[in-house]
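Inspection log for the structure reproduced underneath, given as structure tokens.
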Amino acid sequence: MAFISNRTGKPMGSLNDKPVEEEKTKKKKDRKATLIAILIMAVLFVVIWFGLEFLATEHPISHTPITIAGKERVLKFSEKTRGYTNKDQTTGIRESGTSHYGYFLELVDSVAKKSLHKLKFKAPVHNIQNTPQMYIASNGNIWLVSTSNGFNRDEEGFILKFIISNDSIKQLDYILDELYGIRDIKDNKVMLAKGSEFYQAYNEFFGGIYLDLETGKIIDNRKK
């Protein structure tokens with residue numbers, strides 16, 4: 001029920017209007033404060049992450065001289081890492097390890113000593129077991145192969161494929177069937193294990209299963 005003001009003759013608001021408005025104002029302030037807190041945390045996370053990456057060091061893995069269209073080039077493969085030491089608050093045990101921030105392929109003019117293109121990319125697996133080995137096929141395809149020590153989901157290796165075109169490095173789509181585990185690499189052969197089968201190292205007499213990096217095809221020439 002509204003009341004009439006004695007002075008103005010206009011209806012007066014309900015006695016409950018003021019507490020309701022105060023509650024609405026308080027909720028708006030709370031939502032705003034929560035949003036600001038979330039934004040601050042997000043900004044801090046980005047700053048810390050990029051700050052740690054800035055402090056990381058780029059380490060060379062390989063330098064490979066190549067000739068492209070008669071031009072002398074060097075293909076550099078490197079990774080960016082940072083060592084860390086953490087203390088478990090429960091046990092007090094200190095743990096050390098290495099944080100991985102990415103790989104780099106860089107094409108350098110070996111005569112002018114000038115960088116032509118540098119490509120950064122991430123490993124497609126969380127747990128990198130072995131440093132990738134690089135193989136350059138006769139058709140110019142570049143393969144990076146990281147082998148695995150087991151066949152669990154957290155023990156996967158990976159294979160990445162690239163090509164150089166117009167002094168620029170491009171990553172190509174390549175996905176190895178989940179059926180196969182990557183066990184070893186020798187020359188142009190990536191030795192594979194199939195499913196739950198016992199892995200037997202490839203040899204010329206008994207054959208084996210492998211990915212031919214020259215053709216990009218999986219070969220199974222095991223003797224039955």
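Readers should treat all values here as calculations from the given coordinates under stated rules, not as data from a laboratory. The structure displayed is predicted, hence computed values, not measured ones. Positions of Cβ are generated from backbone atoms using ideal geometry, with glycine treated the same way; all protein chains shown enter the neighbour counts.
Mind putting together the pair-distance distribution for region 97-224? All Cα pairs, 10 Å bins, whole percent per bin, short to long.
11, 40, 32, 14, 3, 0
Could you state the principal axis extents of the C-alpha atoms in region 160-205, from the largest down, to the nearest angstrom?
43, 24, 12
Under 5 Å between amide hydrogens, which residues at least 5 positions from Leu116 or on another chain qualify, with H placed 1.01 Å from N in the peptide plane?
It is Leu107, Val108, Asp109, by chain and number.
Residue by residue through region 184-196, what is 3J(HN,Hα) from phi via Karplus (6.51 cos²θ - 1.76 cosθ + 1.60, θ = phi - 60°)? Round to whole Hz and write x for glycine and proline.
7, 9, 9, 6, 9, 10, 9, 6, 10, 10, 9, x, 8
Once you place label points 7 Å from the Cα toward the Cβ at Lys28 and Lys118, how far apart are they in nm?
In this crude label model, Lys28 to Lys118 measures out at 5.0 nm.
Would you grab the residues whose amide H sits under 5 Å from the one on Arg222? Only those 5+ places off in sequence or on another chain, please, with H modelled 1.01 Å from N.
Distant-sequence amide H within range of Arg222: Gly208.
What is the gain in length, in nm to one decimal, between Ile175 and Leu35 on full extension, counting 0.36 nm per residue of separation less the C-alpha to C-alpha distance? Walk me through the intermediate numbers first.
Numbers: separation 140, 0.36 × 140 = 50.40 nm, distance 4.03 nm.
Between Ile175 and Leu35, full extension yields 46.4 nm more.
Please find the FRET efficiency linking Ser138 to Thr57, where r is the Cβ-Cβ separation and R0 is fixed at 22 Å, and quote it to the nearest 0.05. Each step should come with its number before you reach the end.
Numbers: r = 34 Å, r/R0 = 1.56.
About 0.05, to the nearest 0.05.
Residue separation times 0.36 nm, minus the C-alpha to C-alpha distance between Ala69 and Ile219: what's the value?
Values: separation 150, 0.36 × 150 = 54.00 nm, distance 3.09 nm.
Extending this stretch completely gives an extra 50.9 nm.
Please go through the residue pairs Lys80/Lys161; Lys122/Lys223; Lys76/Lys186; Lys32/Lys80; Lys29/Lys122 and name each one whose alpha carbons sit more than 31 Å apart in this structure.
On the way: Lys80/Lys161 19 Å; Lys122/Lys223 38 Å; Lys76/Lys186 20 Å; Lys32/Lys80 39 Å; Lys29/Lys122 41 Å.
Listed pairs above 31 Å: Lys122/Lys223; Lys32/Lys80; Lys29/Lys122.
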